[in-house]
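For reference, the structure discussed in these notes is given below.
The values are calculated or read from the model by the stated rules, or taken from the named source; none is laboratory data. Only a predicted model underlies this, so the values are computations on that prediction, with no experimental measurement involved. Don't worry about glycine lacking a Cβ; one is built from the backbone with ideal geometry, like all the others, and counts go over all protein chains shown. Quick note on the areas: whole protein, heavy atoms, side chains included, nothing else; ligands and nucleic acids left out. Shrake-Rupley method; radii C 1.70, N 1.55, O 1.52, S 1.80 Å.
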Amino acid sequence: MISKLAIAASLATALTSVAIAQDNLNGLTVGFSQIGSESGWRAAETSVTKQQAEERGIDLKFADAQQKQENQIKAIRGFIAQGVDAIMVAPVVATGWDDVLTEAKEAEIPVILLDRGVDAPEDLYLTSVASDQIKEGRVAGQWLVDAVGDADCKVVELQGTVGSTPAINRKQGFEEALAGHDNLTIARSQTGDFTRSKGKEVMEGFIKAENGGADICAVYAHNDDMAVGAIQAIKDAGLKPGTDIKVVSIDAVPDIFAAMVAGEANATVELTPNMAGPAFDALSAYLADGTAPEKFIITESKLYTPADNPQGEYDTRKGLGY
Ligand code: AHR
């Protein structure tokens, strides 16, 4: 039998090695090229990243790219010129990264991708911390398939930023879930750029084009902010979101739980804003002894519905930087 002493000793060893591993980030400089502040989720990711850096004694150089890839590339080149110890980037779109990532590699600066992927050779970055975005789309789609049963259902889709991996993958996963269910059709699909205002505007267009919204059975939004915009558009059209038009989206931000409490949203898939925690852990291990992290560190994709205590979820999350 393992003695209490042995357990205590191994726990102490484990805690010491965590402490040593965390300690090696203390005093390092890490550049972070963030996309911007298009959504509540993005704001939370920024807050959590700054907090995680502070807790580990990292000097975080933060650059807001205001949705522009050219600004991200400029920021990364600036980080390379400053000789930072590592670079984190949330890539706004998937393509066009090869040159700047090669420059970082030649400067021997490890690069970590946060929350979105790139179409570039895998040896150009240390690891990618992100969700399985195809799965997110599948989870959302499967929820709708189950909710609708055999009834006919015309779906409208609000896509994320054109060319970004979450927009591409969440569309694919949703379509996969609907495949073979001929009663469900995606009637209209357009980008709302992951923002609340664009989500509302595009939904207004969908409602006009679909018999004042009477022909729409559900809206699938690639993020909660666009869903919240769509909810407003549905209400403005004199319809009841959540009842006349089902609302399913991704992120699990506090505002979507508030909408669930009000009966105006039906389902969301959680995307944790804590991408930086696993990223710093991977960096720490890599810098300690060259341990190569998993190339893809995948975060969870949990479904939430009004059955999951939305008021409690709202209360828990609302102070977290959203
Ligand atoms: O890349 C993650 C996505 O970007 C989030 O789902 C969305 O809210 C954000 O803008």
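One table, with the values for the structure above:
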| quantity | calculated |
| --- | --- |
| Residues of the range 140-162 that turn out to be open to solvent by 10 Å² or more (accessible area, probe 1.4 Å) and in contact (Cβ under 8 Å) with a residue 24 or more places away in the chain, as a count | 12 |
| PHE257, sole failed condition from (1) part of a helix (DSSP H, G or I); (2) open to solvent by 10 Å² or more (accessible area, probe 1.4 Å); (3) outside the structural domain of VAL30 (by TED's automatic domain parsing) | (2) |
| Neighbours by Cβ (under 6 Å, 6+ apart or cross-chain): first from the range 103-132, within 29 Å of ASN223 (Cβ to Cβ); second acidic (Asp, Glu) | ALA120/ASP98; ALA130/ASP115 |
| Selection status of THR165, closer than 18 Å to LYS68 by Cα, open to solvent by less than 30 Å² (accessible area, probe 1.4 Å) and assigned by TED's automatic domain parsing to the domain that holds LYS240 | yes |
| Residues (surrounded by fewer than 16 Cβ atoms within 10 Å (Cβ to Cβ) and either in contact (Cβ under 8 Å) with a residue 60 or more places away in the chain or of a type in the set (Ser, Thr, Tyr) (or both)) located in the range 303-322 | THR305, THR316, LYS318, LEU320 |
| In the range 30-44, residue most open to solvent (accessible area, probe 1.4 Å) [restricted to those that are assigned to a helix (DSSP H, G or I) and more than 8 Å from the ligand (Cβ to nearest atom)] | ALA43 |
| Candidates ASP98, ASP119, filtered to the one that is open to solvent by 20 Å² or more (accessible area, probe 1.4 Å) and more than 16 Å from the ligand (Cβ to nearest atom) | ASP98 |
| Residue that is farthest from the ligand (Cβ to nearest atom), among those in the range 208-230 that are among the aliphatic types (A, V, I, L, M) and open to solvent by 10 Å² or more (accessible area, probe 1.4 Å) | ALA214 |
| Tally of residues being open to solvent by 50 Å² or more (accessible area, probe 1.4 Å) and within 28 Å of ARG170 (Cβ to Cβ) across the range 72-95 | 1 |
| The range 265-302 - residue that is open to solvent by 60 Å² or more (accessible area, probe 1.4 Å) and outside any loop (DSSP other than H, G, I, E, B) and, of those, farthest from GLN51 (Cα to Cα) | ASP289 |
| Candidate set: the range 135-178, residues that are part of a helix (DSSP H, G or I) and basic (Lys, Arg); chosen: the one farthest from the ligand (Cβ to nearest atom) | ARG138 |
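Condition check ((1) of a type outside the set (Ser, Thr, Tyr); (2) within 21 Å of PRO273 (Cα to Cα)) across all residues:
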position	(1), (2)
ARG42	yes, yes
ALA53	yes, yes
GLN82	yes, no
THR95	no, no
VAL100	yes, no
ALA104	yes, no
GLU108	yes, no
